[in-house]
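The structure appears below as C-alpha cells.
The values are calculated or read from the model by the stated rules, or taken from the named source; none is laboratory data. Here the structure is a predicted model, which is why all the values come from computation and not from measurement. Every residue, glycine among them, receives a Cβ derived from its backbone with ideal geometry; neighbour counts consider all protein chains shown. Ligands, DNA and RNA are stripped out before the accessible areas are found, and what is left, the full protein with its side chains, is counted by its heavy atoms. Shrake-Rupley method; radii C 1.70, N 1.55, O 1.52, S 1.80 Å.
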Amino acid sequence: MLRIAVPNKGSLSGPAAEMLHEAGYQQRRESKELRIVDPENDVEFFYLRPRDIAIYVSSGQLDIGITGRDLLIDSGADAEEILPLGFARSTFRYATKPGTANGVTDLNGMTVATSYEGIVAKHLADHGIDASVVHLDGAVETAIELGVAEVIADVVETGTSLRNAGLAVIGEPIMKSEAVVIRRTGADAEETAESKVQQFLRRLQGVLVARTYVMMDYDCRVEQLEKAVALTPGLESPTVSPLHNEGWVAVRAMVPAKEAQRIMDDLYDIGARAILTTAIHACRL
C-alpha cells in the first residue's frame with residue numbers, strides 16, 4: 001500500500017482532506033482517527049502533526065506527505081517538494097520598529113525572534129548575515145516590546161497585527177509558502193510504489209485543473225469561428241461540430257474559470273449564442 005501523511009489539524013488539515021476526497025480517496029470521519037486504510041485505492045493515510053510530516057517522509061517510513069513548504073524547509077528534513085497544491089498560502093517577512101532596519105543587510109548583530117528558526121537561520125546565512133535567532137512558539141509580535149529581540153520574522157497576511165504592535169515589515173519577503181506534496185529526497189524512481197505515487201499526483205493535478213477551469217459551450221456562425229476560437233483556444237484545441245442549421249457550429253472548450261465571464265461577453269459581442277459554462281469535477285490531462 002502507498003503510505004501517505006496528511007495534516008491532522010490546523011489550516012492545512014481541512015483543505016487537504018477536501019482535495020483528497022475530490023481526488024477519489026476515502027478520508028477519516030472523526031478527527032480522533034490517526035490512521036485509515038482505503039482498500040479500493042490501495043492507500044493508507046496517517047494523520048500527523050504538520051510539523052512532523054517532513055521528518056516521517058524523510059525517514060522512508062511513509063512514501064509521501066502533504067505539508068507546508070515553510071514546514072518542510074524549517075524541518076531541515078531530507079525531503080523535497082514534488083507538487084504545489086495552491087492552498088494555505090502565506091508570506092514570511094521580517095518586521096521591526098520603524099527606523100531600526102530597512103532590510104536583511106541591516107540585521108548584523110541583531111536578534112531575530114521567530115517560530116520558524118530553520119527558515120530564518122538559512123535565509124540569514126544565505127545573505128551572509130551574522131545575527132542571532134530566538135525560537136518562540138507563537139505571538140512573536142510581543143518579542144520586541146519585551147526586549148527579547150530587535151526584529152521578528154513571521155507570516156504576514158494583511159499586516160494589521162504588526163501595525164497594532166507598532167511594527168512594520170522590512171525588506172523583501174523571506175519566502176512564500178503553500179501546501180505541497182513531498183517525498184524523500186532521491187527516492188528511487190524504480191521503487192514498486194512509484195506507479196502509485198504518479199497516479200496519486202495525477203489525481204491531485206486533475207483536481208487542481210478542475211478547480212481552475214470550466215467547460216464552455218456555445219454556438220456561432222461559421223464566418224465568426226476563427227475569432228471565437230481565438231477567444232477559447234482550449235488546452236489543445238476546441239471541439240467544433242456542425243449544427244443542423246447550415247452555417248452554424250457548436251464549440252466546446254475549457255477556459256480559465258476566472259476569465260469565464262469576460263470571455264462570454266466577448267463571444268456574445270461577435271455573435272455567439274447559447275453560451276453555457278459547466279463545472280469540471282475531475283480530469284486527466
If I filter region 149-166 down to residues being in a loop (DSSP other than H, G, I, E, B), open to solvent by 50 Å² or more (accessible area, probe 1.4 Å) and at pLDDT below 85, which single residue comes out as farthest from Glu117 (Cα to Cα)?
Thr158
Filter region 265-285 down to the residues that are among the aliphatic types (A, V, I, L, M) and open to solvent by less than 40 Å² (accessible area, probe 1.4 Å), then identify the one that is modelled with the lowest pLDDT.
Ile280
What about Thr232, is it among the polar types (S, T, N, Q) and surrounded by fewer than 11 Cβ atoms within 10 Å (Cβ to Cβ)?
no
I'm trying to understand the selection: among the residues of region 111-128, which are surrounded by fewer than 18 Cβ atoms within 10 Å (Cβ to Cβ) and either touching a Ser or Thr at 6+ places or on another chain (Cβ under 9 Å) or assigned to a loop (DSSP other than H, G, I, E, B) (or both)?
Thr111, His127, Gly128
Looking at Val222, Val180, which one is modelled with pLDDT of 95 or more, of a type in the set (A, V, I, L, M, F, W, C) and within 32 Å of the chain's Cα centre (by Cα)?
Val180
What residue, of Ile73, Ile182, Ile170, is in contact (Cβ under 8 Å) with a residue 60 or more places away in the chain, open to solvent by 20 Å² or more (accessible area, probe 1.4 Å) and either among the β-branched types (Val, Ile, Thr) or over 30 Å from Val209 (Cα atoms) (or both)?
Ile73
Out of Ser237, Ser195, Ser241, sole residue that is surrounded by fewer than 16 Cβ atoms within 10 Å (Cβ to Cβ), part of a loop (DSSP other than H, G, I, E, B) and among the polar types (S, T, N, Q):
Ser237
Can you name the residue in region 198-234 that is polar (S, T, N, Q) and in a helix (DSSP H, G or I) and, of all such residues, is farthest from Arg3 (Cα to Cα)?
Gln224
Residues of region 5-48 being open to solvent by 70 Å² or more (accessible area, probe 1.4 Å), free of Cβ contacts under 8 Å to residues at least 60 places away in the same chain and either aliphatic (A, V, I, L, M) or under 24 Å from Leu72 (Cα atoms) (or both), which ones?
Lys9, Glu18, His21, Ser31, Leu34, Arg35
